[in-house]
Amino acid sequence: MNENDQLRDAFDAIADPTRRRLIRLLAEAEEIPLHELTPQFQMGRTAVSKHLTILKEAGLVLERKVGRETRFRLNASPLREIQDWLAFYNKFWSTNMLRLNQLLEEEEE
């Protein structure tokens, strides 16, 4: 299996600001056709389509054909892995900041 046949990592998919913006736009709507997404970016339809393909490979975007039109919608479940990863580091930093505050208070005494 070559690299393109493998599912993309959600972290890789959201690394690009254009793809993060696509996710935001899709989160704010039930479904959006490609021709409505394209004007939101300073790039052509092909470039937007390539970004959507990367998001689809990561499982973040689902598509549905309606006649000749392709409609896209967000599948947020792969974002759970990112949320869990961030939650660990949020706890890590909160704990370390609490320890730092305690050390500073001990030094003041």
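Cβ separations smaller than 7 Å between residues 6+ apart or across chains give the following pairs from region 67-92 residues that are touching a residue at least 24 places away in the same chain (Cβ under 8 Å) and of a type in the set (S, T, N, Q) to residues that are open to solvent by less than 70 Å² (accessible area, probe 1.4 Å) and not in a helix (DSSP H, G or I): Thr70/Pro33.
Looking across region 83-106 at every residue that is of a type in the set (D, E, K, R) and at pLDDT 85 or above, the one that is least open to solvent (accessible area, probe 1.4 Å) is identified as Asp84. Checking each residue in region 11-47 for being farther than 26 Å from Arg68 by Cβ and aromatic (Phe, Trp, Tyr) picks out only Phe11. Residues that are free of Cβ contacts under 8 Å to residues at least 40 places away in the same chain and charged (D, E, K, R) were ranked within region 30-54; the one that is farthest from Ala76 (Cα to Cα) is Arg45.
Please go through region 59-81 and pick out each residue that is at pLDDT below 95 and closer than 13 Å to Arg20 by Cα. Those that are at pLDDT below 95 and closer than 13 Å to Arg20 by Cα: Ala76, Leu79. Residues satisfying the criterion are absent from region 1-10 (criterion: among the basic types (Lys, Arg) and either free of Cβ contacts under 8 Å to residues at least 12 places away in the same chain or part of a helix (DSSP H, G or I) (or both)). Only one of the listed residues (Ala58, Ala27) is in contact (Cβ under 8 Å) with a residue 24 or more places away in the chain, open to solvent by 60 Å² or more (accessible area, probe 1.4 Å) and aliphatic (A, V, I, L, M). That residue is Ala27.
Being of a type in the set (Gly, Ala, Ser), surrounded by fewer than 11 Cβ atoms within 10 Å (Cβ to Cβ) and at negative phi is a property that does not hold for Ser49.
The values are calculated or read from the model by the stated rules, or taken from the named source; none is laboratory data. Keep in mind the model is a prediction, meaning the values are calculated, not measured. Neighbour counts run over all protein chains shown; Cβ positions are idealised from the backbone, glycine included. Side chains are part of the model used for accessible areas, which takes the heavy atoms of the whole protein and leaves out ligands, DNA and RNA. Shrake-Rupley method; radii C 1.70, N 1.55, O 1.52, S 1.80 Å.
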